[in-house]
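First the structure, in the form of C-alpha cells, and then the observations on it.
The values are calculated or read from the model by the stated rules, or taken from the named source; none is laboratory data. Source: prediction; values computed, not measured. FYI the Cβ positions are ideal-geometry reconstructions off the backbone, even for glycines, and counts take in every protein chain you see. Keep in mind that these areas ignore ligands, DNA and RNA; they rest on the heavy atoms of the full protein, side chains included. Shrake-Rupley method; radii C 1.70, N 1.55, O 1.52, S 1.80 Å.
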Amino acid sequence: MSSLHKSRIADFQDVLKEPSIALEKLRELSFSGIPCEGGLRCLCWKILLNYLPLERAAWTSILAKQRELYSQFLREMIIQPGIAKANMGVSREDVTFEDHPLNPNPDSRWNTYFKDNEVLLQIDKDVRRLCPDISFFQRATEYPCLLILDPQNEFETLRKRVEQTTLKSQTVARNRSGVTNMSSPHKNSVPPSLDEYEVLPNGCEAHWEVVERILFIYAKLNPGIAYVQGMNEIVGPLYYTFATDPNSEWKEHAEADTFFCFTNLMAEIRDNFIKSLDDSQCGITYKMEKVYSTLKDKDVELYLKLQEQNIKPQFFAFRWLTLLLSQEFLLPDVIRIWDSLFADDNRFDFLLLVCCAMLILIREQLLEGDFTINMRLLQDYPITDVCQILQKAKELQDSK
C-alpha cells in the first residue's frame, strides 16, 4: 500500500471519528474515490445516501430501529402472505367468497397475490442475471435470512412462489420508453436457464435471492412505481458493496441497510423510471437533452456531427443516465464512479458531465465514424479507464 493511499485512509478516518461528521469535507474526500479498507466505503455511502445521520451518537439506535423495521416488512409482506397462501383452501368448507381465487374484487387477497406474482416474476428474471461477469450473486450469502429460512416455518417463500406460478413472464415485462434491451452487449452474456443454476442446500440462499427480496418489498411499499426493469442494476452495486464489507457486524445486516439506501437513492432518481414524467423538467428526456446542450457548449463540432447523423441521446444516454452507468463498466469501476456521484452535492449534475466527458473522450472516432460505427461505439463504450473519464468530467465542471 502506497504512502499516499495510507494518507487518504487516515484522512477519511479523521473525518469519520468526529462526533459530528463534516459533510462537506467527507464529500470532498469521497469525490476522489473512497478506500474500501476497513469498511470505509460502506460507511461513507450510508452517510452520503442519508441513511446515517451526521451525529455519530445516533448511529446505533437508528440502525437498530431501521433493521427491526425491515424485519417487520419481511413478516408483513413475505411471511404472513406466505402463511395465508399455505393455509388457503386446506379445507373446501373454509374457502369463503372473499378468499376464492376467482373472486373478481380487485381488493381480494387472491387478486393482490396474483398481481404481486406478476411483479415477482419480472424481478426474478432480472436479478438472476445480475453482473454475469462475476459469480458473486450466484454464491451463497454468509448471512441467510433466518426469518425466511427457519425450517420450523411452513409458508410459501418467494422462491416457492416463483417455482409454482404458472404465469408467463412475457405478460409482465415492464420496459421503459420502448427500449428492448437496457443491457450493454459487452457486460452481459446470455444467462443460463433457471435449471442451470447451482442448487443451494436447504438453509442457504444466494445473494441474488436477497436482492430479489429487497426489490419485492420496495415494489410492495411503492405501488405507484412498483418495479421497473433496470432497478435491479441500481440495487446490485449497493448490495455488493455492503455484503462485502470487511466488518462482519455490518455485513450481517447488508440486506436491511441496502434496502434503505436503495429506497433513499430511488427517491432521488425514481423520476427516471416513471414514463409519465419523461418530458417534465425532472424526467429523463430533459436530462438527456441537458447532456447534448452541455456537449454543444463544450464541443460544438462534435455536437453538430451527432446532430447531422441524427444520433439522438435516447439511443445511448437513456441507459447511461437511468442506470447511473452501471451497465457501461465492470462492477469495481461502477462503484468508483458512484463514489463521485454520491459525493456530488448537486446530485446528479456531475453524472451529466460524466456522460459529456465520455462523448468528448472518443470525439476523434465519432467525428470519423458513420452512423452505424458511432452507434456501436456509444452502445458498447470503448474506454475502460474510469479515472480518465472522471478526470475529464471534473475538467468540464471546473471550466464552467
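Given the criteria assigned to a loop (DSSP other than H, G, I, E, B) and open to solvent by 80 Å² or more (accessible area, probe 1.4 Å), does E18 qualify? Spell out the reasoning first.
Working: assigned to a loop (DSSP other than H, G, I, E, B): yes; open to solvent by 80 Å² or more (accessible area, probe 1.4 Å): yes.
Judged against the criteria, E18 is a match.
Could you identify the single residue in C36, C44 that is within 17 Å of D344 (Cα to Cα) and of a type outside the set (S, T, N, Q)? Reasoning before the result, please.
Numbers: C36 fails: within 17 Å of D344 (Cα to Cα).
Going through C36, C44 in turn, just one is within 17 Å of D344 (Cα to Cα) and of a type outside the set (S, T, N, Q): C44.
Select from region 2-54 the residues that are charged (D, E, K, R) and more than 21 Å from T244 (Cβ to Cβ) and list them in ascending order. Please lay out each step first, then the result.
Our first condition is that a residue be charged (D, E, K, R); within region 2-54, this holds for 6, 8, 11, 14, 17-18, 24-25, 27-28, 37, 41, 46.
Those that are charged (D, E, K, R) and more than 21 Å from T244 (Cβ to Cβ): K6, D11, D14, K17, E18, E24, K25, R27, E28.
Which of the residues spanning region 249-269 are in contact (Cβ under 8 Å) with a residue 60 or more places away in the chain and within 17 Å of C145 (Cβ to Cβ)?
Looking only at region 249-269, we keep the residues that are in contact (Cβ under 8 Å) with a residue 60 or more places away in the chain, and these are 250-257, 259-261, 264-265, 268-269.
Residues satisfying the conditions are W250, K251, E252, H253, A254, E255, A256, D257, F259, F260.
Taking the stated definitions as given, is Y286 buried (at least 18 other Cβ atoms within 10 Å of the Cβ), of a type outside the set (K, R) and at negative phi?
On the way: buried (at least 18 other Cβ atoms within 10 Å of the Cβ): no; of a type outside the set (K, R): yes; at negative phi: yes.
So Y286 fails the test.
Could you pull out the residue among E28, E68 that is charged (D, E, K, R), under 17 Å from A256 (Cβ atoms) and at pLDDT 95 or above?
Working: E28 fails: under 17 Å from A256 (Cβ atoms).
Just one listed residue meets the conditions, E68.
Kindly indicate whether any position in region 77-90 is in contact with a helix residue (DSSP H, G or I) (Cβ under 6 Å, 6 or more places away or on another chain), surrounded by 15 or more Cβ atoms within 10 Å (Cβ to Cβ) and at pLDDT below 95.
In the first step, residues of region 77-90 are kept if they are in contact with a helix residue (DSSP H, G or I) (Cβ under 6 Å, 6 or more places away or on another chain); the result is 77.
Add one more test, that the residue is surrounded by 15 or more Cβ atoms within 10 Å (Cβ to Cβ), and what stays is 77.
Next, only the ones that are at pLDDT below 95 stay: 77.
Yes, some residue in region 77-90 is in contact with a helix residue (DSSP H, G or I) (Cβ under 6 Å, 6 or more places away or on another chain), surrounded by 15 or more Cβ atoms within 10 Å (Cβ to Cβ) and at pLDDT below 95.
For residues in region 215-263 being open to solvent by 10 Å² or more (accessible area, probe 1.4 Å) and among the charged types (D, E, K, R), which is nearest to V334 (Cα to Cα)?
Residue satisfying both the conditions and the ranking: E233.
For region 331-352, enumerate the residues that are within 17 Å of T294 (Cα to Cα) and open to solvent by less than 10 Å² (accessible area, probe 1.4 Å).
Residues of region 331-352 that are within 17 Å of T294 (Cα to Cα), as a first pass: 346-352.
Listed by number, the residues that qualify are F350, L351.
Listed here are the residues, each with its yes/no results for (1) among the aromatic types (F, W, Y); (2) touching a Leu at 6+ places or on another chain (Cβ under 7 Å); (3) more than 25 Å from K392 (Cα to Cα).
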position	(1), (2), (3)
K6	no, no, yes
E37	no, no, yes
L43	no, yes, yes
A57	no, no, yes
R67	no, no, yes
Y70	yes, no, yes
I78	no, yes, yes
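Hey, can you tell me all the residues within region 21-35 that are surrounded by fewer than 18 Cβ atoms within 10 Å (Cβ to Cβ), of a type outside the set (S, T, Y) and farther than 20 Å from W59 by Cα?
Result: E28, single match.
Would you check which residues across region 348-400 are in a loop (DSSP other than H, G, I, E, B) and either of a type in the set (A, V, I, L, M, F, W, C) or touching a strand residue (DSSP E or B) at 6+ places or on another chain (Cβ under 6 Å) (or both) and list them? I'd like the intermediate steps shown before the answer.
As a first pass, look at region 348-400 and keep what is in a loop (DSSP other than H, G, I, E, B): 348, 362, 369-370, 380-385, 399-400.
Passing the criteria: F348, I362, I383.
I'm checking my understanding of the structure. Among residues of region 304-316 that are touching a Phe, Trp or Tyr at 6+ places or on another chain (Cβ under 8 Å) and open to solvent by less than 50 Å² (accessible area, probe 1.4 Å), which one is farthest from D385 (Cα to Cα)?
Result: Q309.
Pick out, from region 125-225, the helices (runs of 4 or more DSSP H) lying fully within it that include 2 or more residues that are in contact with a Leu (Cβ under 9 Å, 6 or more places away or on another chain) and modelled with pLDDT of 90 or more.
Details: elements: 146-149, 158-164, 207-221.
Counting at least 2 such residues, we get 207-221.
Which of the residues that make up region 289-303 are at pLDDT below 95 and either within 20 Å of the chain's Cα centre (by Cα) or surrounded by fewer than 17 Cβ atoms within 10 Å (Cβ to Cβ) (or both)?
Passing the criteria: only E289.
Matching residues to (1) assigned to a loop (DSSP other than H, G, I, E, B); (2) touching a strand residue (DSSP E or B) at 6+ places or on another chain (Cβ under 8 Å); (3) open to solvent by 60 Å² or more (accessible area, probe 1.4 Å):
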residue: A10; (1), (2), (3): no, no, no
residue: G39; (1), (2), (3): no, no, no
residue: W45; (1), (2), (3): no, no, no
residue: Y51; (1), (2), (3): yes, no, no
residue: A57; (1), (2), (3): no, no, yes
residue: S61; (1), (2), (3): no, no, yes
